[in-house]
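**Q** Submitted below is the structure of interest, expressed as structure tokens.
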């Protein structure tokens, strides 16, 4: 799994590439925690290039989402598809996670 | 056929030593050491015998990997001396597995069912604020890498049943797939 950060205005987009599984999902969690220490307030997690997620990956997203909600900061998870979408649906968390279809929609939601 | 894990409209993990799902007649068998680093590799060795139609963009692999992970990590505590045994059978219409470890058994099964009932109640009310307390099942033995959500998805996925034996160190599961004709599921045509 590869993690890249880019900036769009005040928003930090984390592009996740590869598989989010039991061996590497903690790295996304650690990255977000470091960004929080650096006072980042708006996060977009882009899963466009993620074709596999397991319960550790979902767990990392839950941890990130609940931490950011508690701090009253902003998060959007975007571009979920294929088996990633199916696993989130099986876990019934589609309504819990702040999800958009695209980066553009995520940026709009940030401004709302 | 109705999902046997359904109790009063809510899915529950059952304990039933005599479930027909534990009948291993005609099933293939593999056993693995409890090596955490090789969980996905072991899973691939099992899944490779499944017909492509039911692999569903790696969802079958993912769901089996969760069960093998539970056996390796929570059952056998990653002790390489302890084995995980897997019996499996696949066809275009089903996936049937029995996964057994050498651990003390899933002691928190009743707590898990209770936790899941509360979670389902939040989902029904679309109460996502309270749901935040029920998205991840934790015990005193959970660590930071445990998502605590694998069994929620498992109960939904294994729609033909998801049942533990009396000792709770073995779990049998069945997934049914719709009959396909001309490359389309019958109910899609």
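The values are calculated or read from the model by the stated rules, or taken from the named source; none is laboratory data. All figures in this text were calculated on a predicted structure; none of them were measured in a lab. Positions of Cβ are generated from backbone atoms using ideal geometry, with glycine treated the same way; all protein chains shown enter the neighbour counts.
**Q** Any residue at all in segment B:74-85 that is buried (at least 18 other Cβ atoms within 10 Å of the Cβ), over 16 Å from the mean Cα position of the chain (by Cα) and in a loop (DSSP other than H, G, I, E, B)?
**A** Checked against the condition, which is being buried (at least 18 other Cβ atoms within 10 Å of the Cβ), over 16 Å from the mean Cα position of the chain (by Cα) and in a loop (DSSP other than H, G, I, E, B), segment B:74-85 yields at least one hit.
Yes/no per residue for (1) facing chain A (nearest Cβ under 10 Å); (2) at pLDDT below 95; (3) crowded, with 19+ Cβ neighbours inside 10 Å:
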| position | (1), (2), (3) |
| --- | --- |
| B:102 | no, no, no |
| B:125 | no, yes, no |
| B:128 | yes, yes, no |
| B:153 | yes, no, yes |
| B:181 | no, yes, no |
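**Q** Something else about it: Sort out which residues of segment B:1-55 are at pLDDT below 95, touching a strand residue (DSSP E or B) at 6+ places or on another chain (Cβ under 8 Å) and assigned to a helix (DSSP H, G or I), and write them in order of number.
**A** Matches in segment B:1-55: B:53, B:54.
**Q** Condition first: in contact with a helix residue (DSSP H, G or I) (Cβ under 8 Å, 6 or more places away or on another chain) and within 9 Å of chain B (Cβ to nearest Cβ). Now tell me which residues in segment A:89-112 satisfy that.
**A** Scanning segment A:89-112 gives A:90, A:91, A:92, A:93, A:95, A:96.
**Q** When the residues of segment A:23-44 are narrowed to those that are in a helix (DSSP H, G or I) and within 14 Å of chain B (Cβ to nearest Cβ), which ends up surrounded by the most Cβ atoms within 10 Å (Cβ to Cβ)? Walk me through how you get there before you give the answer.
**A** Within segment A:23-44, the subset in a helix (DSSP H, G or I) is A:26-37.
Retained after the next criterion (residues that are within 14 Å of chain B (Cβ to nearest Cβ)): A:26-30, A:32-33.
Details: A:26: 16, A:27: 15, A:28: 20, A:29: 19, A:30: 12, A:32: 24, A:33: 12.
Step by step, filter segment A:23-44, then rank; the result is A:32.
**Q** Kindly check whether there is at least one residue in segment B:137-148 that is loosely packed, with under 13 Cβ neighbours inside 10 Å and within 9 Å of chain A (Cβ to nearest Cβ).
**A** Checked segment B:137-148: at least one residue is loosely packed, with under 13 Cβ neighbours inside 10 Å and within 9 Å of chain A (Cβ to nearest Cβ).
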